[in-house]
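Take this structure, written in structure tokens, and hold onto it; I'll ask about it next.
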Amino acid sequence: MKKGRFNQRSTSAFSDPEKGRGGGAGANRSKVAHTPPSPTLPHKGGEGLSAPPRDDLVLVGEFGRAHGLKGEVRLKSHTGDPQAIAGYQPLIAGNGKTYSLKNVRTAPGGAPDLLIAVVDGVTTREAAEALNRVQLHVERDKLPPPEEDDEFLLADLIGLSVQTEAGDIIGTVVAVPNYGGGDLLEIAPAQKGPTAFLPFTKAFVPMVDIAAKRIVAAPPDDLFEPAKPQPEDEA
């Protein structure tokens, strides 16, 4: 659904790739296209963890822990319709290896973007464990481009540097969630510590420069301060 261009910055959602433009392509337009991918820490036993050297790839998901004993694996989907990720073929890992999803279903816990996936050729728990933290991409030309200047693919935002209008580095965008009140930028602070959320509106985010891999923000002074406990009601 389109949001007001002059207040809320627009994002779109990747839907079923077989349905074309009907619902937009793949992940929210603040939630897909990943150029470049966010850095990944080394991980023992993982495959495909290095960032893909190609600049035409879009991040659509990431494998997590193994699930059960028969090769199923947890998968965090970045597509607007989370289960639509299974329709994108091939899914390309950071080392160039490709994967095909035979089936996906929502994982227990209620989070719609967390799935349990059956991966073609993965039939044991050990093989599933080797996929932990492997990032999955699709070729950008398989996705429809943003329709408006203020629309962005979500993964184009993930990994971007966030700085003030004065040029001071605030942190890095690690996710673009939407909990029903509009898109938010989840920002990891430059000096480490818990992430914080910033509304993805022009008031708080006056400029997005994908080419320069940066976002100019006008955050509140207490962006990274922990929430203060609410006073208890007096009896």
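Read-outs: derived from the displayed coordinates by stated rules, not from any lab. These figures come from a predicted structure and were not determined experimentally. Positions of Cβ are backbone-derived with ideal geometry, glycine not excepted, and every protein chain shown enters the neighbour counts.
Considering only DSSP states other than H, G, I, E and B, which chymotrypsin sites (Phe, Trp or Tyr not before Pro) in region 88-183 qualify as loop sites with at most 10 other Cβ atoms within 10 Å?
Here the chymotrypsin sites (Phe, Trp or Tyr not before Pro) that fit, given the DSSP loop and packing criteria, are Tyr179.
For region 142-228, run through the GluC sites (Glu not before Pro) and keep only the ones in DSSP coil with at most 16 other Cβ atoms within 10 Å of their Cβ.
Within region 142-228, the qualifying GluC sites (Glu not before Pro) (loop, at most 16 other Cβ atoms within 10 Å) are Glu147, Glu148, Glu165.
What net charge do the residues around Leu75 carry, taking every other residue with its C-beta under 11 Å from that of Leu75, with Lys and Arg at +1 and Asp and Glu at -1?
Counting the neighbours of Leu75, the net charge comes to +1.
For the cross-link pairs Lys142/Lys202; Lys192/Lys213; Lys76/Lys142, which exceed 23 Å when the distance is taken from alpha carbon to alpha carbon?
Table pairs above 23 Å Cα-Cα are Lys142/Lys202.
Counting Lys +1, Arg +1, Asp -1, Glu -1, what net charge surrounds Ile169 among other residues with beta carbon under 15 Å of its beta carbon?
Counting the neighbours of Ile169, the net charge comes to 0.
Let me ask another. Can you give the extra length, in nm with one decimal, that the chain gains between Glu129 and Leu69 once fully stretched, where that is 0.36 nm per residue apart less the Cα-Cα distance?
20.6 nm
Which loop trypsin sites (Lys or Arg not before Pro) in region 164-219, with loop taken from DSSP, have no more than 16 other Cβ atoms within 10 angstrom of their Cβ?
Here the sparse-neighbourhood loop sites are Lys192, Lys213.
What shape does region 91-235 have by the C-alpha gyration tensor, where a ≥ b ≥ c are the square roots of the eigenvalues, rounded means a/c under 1.5, and otherwise prolate means a/b greater than b/c and oblate the rest?
Taking the square roots of the gyration eigenvalues as a ≥ b ≥ c, region 91-235 is oblate.
With each pseudo-label sitting 7 Å past Cα toward Cβ, what's the Ala211-Gln89 distance in nm, one decimal?
3.8 nm
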